[in-house]
1. Apply 1/(1 + (r/R0)^6) to the Cβ-Cβ distance of residue 49 and residue 11, taking R0 = 35 Å, and write down the FRET efficiency to the nearest 0.05.
2. Under the 0.36 nm per residue contour assumption, what length would be gained going from the current alpha-carbon distance of residue 35 and residue 67 to full extension?
3. Normalised by the residues of the range 1-70, what does the relative contact order come to in percent, with Cα pairs under 8 Å and at least six apart?
Amino acid sequence: MALKAYSRLLRAQRNVFRHDPRMLEAARIESRKRFLENGAESDPEKLQKLIEMADDAAAYLSTSVVQGQVNARNSLEIKLRPELLNQGVVDFHPDAPKSSNSCCGGNKSASS
């Protein structure tokens, strides 16, 4: 089970940081370090909690982390992954007039 959790975490890291080799490498090193630190753990309850932590980290990366880079216009450019576009958190309309209660021309979803 721990090996599967490690694989899921590495897969999430590859997906999220695929255009950022430095961050991908740092995430892989940290994950490997944490799994090796706990490799001798034999308590089933502690093992289950560690596996849940790895799965939670993978889920967080996949659903909450975005990366951006400064473009030629000196603006931050963020390319959302398809799985983030379907979460319905913020409707982004780049040509919409800016209002004082939202950022970036977006409107908070009805769930807010």
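1. Here the calculated transfer efficiency is 0.95.
2. That works out to 9.0 nm of additional length.
3. Answer for the range 1-70 is 52 percent.
Where a number appears in this text, it was derived from the coordinates with a stated rule and is not lab data. Given the structure is predicted, the values throughout are model-derived calculations rather than measurements. For neighbour counting, all protein chains shown are included, and Cβ atoms are generated from backbone atoms with ideal geometry for every residue, glycine included.
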